[in-house]
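Have a look at the structure below, then the notes.
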Amino acid sequence: MRYPPTLLIIATKKLTAECCGYPISIFFIVVNEFCERFSYYGMRAVLVLYFRYFLLWDDDLATSIYHAFVALCYLTPILGAIIADSWLGKFKTIIYLSIVYAIGQVTMAISTIHDITDANRDGTPDNFTFHIALSMLGLILIALGTGGIKPCVAAFGGDQFQEHQSRQLNTFFSVFYLCINAGSLLSTLITPVLRVVFIAGSGMYVKTDPEGNIMWSVCKCIGFAIKNRFRHRSSSYPKREHWMDWANEKYDKLLIAQIKMVLKVLFLYIPLPMFWTLFDQKGSRWTLQATTMSGDFGAFILQPDQMQTVNPILILTLVPIMDRLIFPLIQKCGLNFSPLKRMTVGMLFAAMAFVSAALVQIEIDKTLPNFPSSSESQLKVVNTYSTTLNVTISPNEHLLIESFGVQLHTSKHTYSTISYVKSKPREGKNAIRRDFVLRHGEQWCEFSRKFGFGASYTFLIPSTVFSDDCESITEVEDMKPNSVHMALQIPQYFLITTGEVMFSVTGLQFSYSQAPKNMKSVLQAGWLCTNAVGNIIVLIVAELGKLPKQWAEYLLFASLLVAVSIIFSIMAYFYTYIDPAEIEAQVRKEQGLEPEEMEKETLEMEEKDEDQKNEQGVKQTKI
Ligand SMILES: CC(C)[C@H](NC(=O)[C@H](C)N)C(=O)O
């Protein structure tokens, strides 16, 4: 059955206004991406510390939940791609899911107000379950929002370009990436209100209609090919060139050719999650590593979570340098630095970044006190007498803990002031001078001290304190300040960011260029999924593979990535780059279809679907 000609919709490309060869609508799209990433990274930068110090989770749980959230953000793009391609179209999907996103951010913000459940006003929430539930709801909404937007924006941006703008299309992905990173960098300064900019460009976009439920058609076609292959498994049936050719009996040749293209790329993606496994630990392990370092840069003090901004700063400088200098130079030297080779080199850079992180960790470990394990405790005895005292602790004696510290009863009844330390102070944040005022009734005195990053102190206050104006206060350093400087993390950031430019910008471009026209968002979603799987790997390793030493974990990840990049380079060697439009035109020619009839095929596919449903007695109304 064919539709009468009057019902055929032949899509025409809207003529778009241009500026310097670029469609003007691109401006709104990149600003939208900037705002979305701005909002996302602004929240994500502090997330692991929020888990650690507000919800009081331990390092491993904080790391796991952080990566579970990032994984969800990069899994939901599949949903976004389905909604965009089969129902709402990219434009509306971006708008509606931005609203879900904003609600998520508000929910998340509310969850951080501890006053909501802090009835006794002691500065600690009374109902942690409430805060955890609210923040998890917020994170789920944000993940849905980002998933809806992410696969659509890059593909929607690509859709704006006409055939004569292929050079600009390539630059678009670099500019797009720059906006992601500008958004990430500035997220601590500007508010996410700017997101309305995307709607402002509405009249200028090329909005392609959703092309039917393409994902569903793809799944059914693959399912049929597998079933048909199984039915004809006997050797008496002649072999077919590709297993997808077993769908020939029922499905359009063009759809089969398109699926083959997508599957080829998805197969190539299998090793890629390992890159993200390392890359996304910037926000978790590396931030926690920074909490044990000193952020005192003289003119300013850098907080551990702010260290992450080094990545977008480097991106903003490295992308233009690579695009304008390094890659053209490599090309001039006659070397074929193809996209897949760039991605392999990017992976090796990320592995080197983790070797650098391991070396920094070894330096940090040398400066850390020995913290007690879960089966040990640690006591510090401060002798305030002027003579030496012997303290003997009998194993059977108990400790009496009082509100002003810890007092120890030993078998010899020696009495001292005791303190204990079981971790570095919160967030490594005490590198500042503080003034204290002591009061007792009418009496008072003031003293001032400078504290180092990550240090812990005990103050001994004698009863004579007011008579000598706080002079007699003695300070005991329980834990030394962090002495390894955060600047030592810069090499690892430099290496991972160089890797990112080679891997991620190229991957984004590659995913768009190798996808058939109607499956651009699908392949973008596939590309983002590699990121999701990477984060799932971290949370599995963080939860299961608890290595006793952090530096060993870094080296493990680096070795795994080297192994994976070797596998990837072998797979890449056998990959042939394609021009999807050319293949589609070829198939069309073989089918005897005119090029301009391309839009008909989608309708025909739907028509086939509908026929099948009608056969099953499903009533459908077609517009
Ligand atoms: C997930 C992508 C790699 C990308 N991230 C970055 O560009 C970071 C900020 N350098 C993103 O789309 O957020």
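Okay, residues lined up against (1) over 15 Å from F34 (Cα atoms); (2) touching a residue at least 40 places away in the same chain (Cβ under 8 Å); (3) not aliphatic (A, V, I, L, M):
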| position | (1), (2), (3) |
| --- | --- |
| G123 | yes, no, yes |
| F128 | yes, yes, yes |
| I132 | yes, yes, no |
| S135 | yes, yes, yes |
| F172 | no, yes, yes |
Report summary line: A119 vs (1) more than 21 Å from the chain's Cα centre (by Cα); (2) free of Cβ contacts under 8 Å to residues at least 24 places away in the same chain; (3) surrounded by 16 or more Cβ atoms within 10 Å (Cβ to Cβ): all pass except (3)
Query raised in the report: in contact (Cβ under 8 Å) with a residue 24 or more places away in the chain and more than 25 Å from N181 (Cα to Cα): does that describe F267?
Result: yes
Report summary line: Checked L266, L254, L278, L272 against criteria (surrounded by 19 or more Cβ atoms within 10 Å (Cβ to Cβ) and either of a type in the set (V, I, T) or away from the ligand (no atom under 14 Å from the Cβ) (or both)); the one match is L254
Report summary line: Of (1) more than 30 Å from F436 (Cβ to Cβ); (2) of a type outside the set (K, R); (3) at pLDDT 90 or above, A542 fails just (3)
Query raised in the report: On the given criteria, is A81 farther than 23 Å from Q289 by Cβ and touching a residue at least 60 places away in the same chain (Cβ under 8 Å)?
Result: yes
Query raised in the report: Can you tell which of T76, T93 is under 25 Å from F173 (Cβ atoms), within 14 Å of the ligand (Cβ to nearest atom) and polar (S, T, N, Q)?
Result: T76
Query raised in the report: In the range 84-95, is there at least one residue being in contact with a Pro (Cβ under 8 Å, 6 or more places away or on another chain), aliphatic (A, V, I, L, M) and over 30 Å from I313 (Cβ atoms)?
Result: yes
**Report entry** Where a residue in the range 511-533 is open to solvent by less than 20 Å² (accessible area, probe 1.4 Å) and of a type in the set (G, A, S) and its partner, wherever it lies, is in a loop (DSSP other than H, G, I, E, B) and more than 16 Å from the ligand (Cβ to nearest atom), with Cβ under 7 Å and at least six apart
**Finding:** none
Report summary line: V538 passes all but one of the listed conditions (1) away from the ligand (no atom under 16 Å from the Cβ); (2) in contact (Cβ under 8 Å) with a residue 24 or more places away in the chain; (3) assigned to a helix (DSSP H, G or I); the exception is number (1)
Query raised in the report: R342 versus (1) away from the ligand (no atom under 16 Å from the Cβ); (2) assigned to a helix (DSSP H, G or I): which is the lone unmet condition?
Result: (1)
Report summary line: A careful count of residues in the range 122-151 that are open to solvent by less than 20 Å² (accessible area, probe 1.4 Å) and at pLDDT 90 or above gives 8
Report task. Filter the range 46-73 down to the residues that are aliphatic (A, V, I, L, M) and open to solvent by 20 Å² or more (accessible area, probe 1.4 Å), then identify the one that is farthest from K150 (Cα to Cα). Result -> L56
Requested in this report: Mind counting the residues in the range 499-520 that are within 20 Å of K260 (Cα to Cα), of a type in the set (S, T, Y) and either over 19 Å from the mean Cα position of the chain (by Cα) or within 11 Å of the ligand (Cβ to nearest atom) (or both)?
Outcome: 2
Report task. Look through the range 426-448, keep the residues that are assigned to a strand (DSSP E or B) and open to solvent by 100 Å² or more (accessible area, probe 1.4 Å), and return whichever of them is modelled with the highest pLDDT. Result -> W444
Report task. Run down I82, I99 and say which single residue is surrounded by fewer than 18 Cβ atoms within 10 Å (Cβ to Cβ) and farther than 22 Å from F54 by Cα. Result -> I99
Report task. Determine if the range 32-43 includes at least one residue that is in a helix (DSSP H, G or I), touching a residue at least 40 places away in the same chain (Cβ under 8 Å) and more than 24 Å from the chain's Cα centre (by Cα). Result -> no
Requested in this report: Test each condition in (1) at pLDDT 90 or above; (2) in contact with a Gly (Cβ under 8 Å, 6 or more places away or on another chain) for M605 and report the one that comes out false.
Outcome: (1)
Requested in this report: Please indicate, with yes or no, whether at least one residue in the range 109-116 is under 20 Å from the mean Cα position of the chain (by Cα) and open to solvent by 30 Å² or more (accessible area, probe 1.4 Å).
Outcome: yes
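The values are calculated or read from the model by the stated rules, or taken from the named source; none is laboratory data. Fair warning: this is a prediction, and the values are worked out from it, not measured in the lab. All Cβ positions, glycine included, derive from the backbone under ideal geometry; neighbour counts span all protein chains shown. Note: accessible area is taken over every heavy atom of the protein model, side chains too, but ligands, DNA and RNA are not part of it. Shrake-Rupley method; radii C 1.70, N 1.55, O 1.52, S 1.80 Å.
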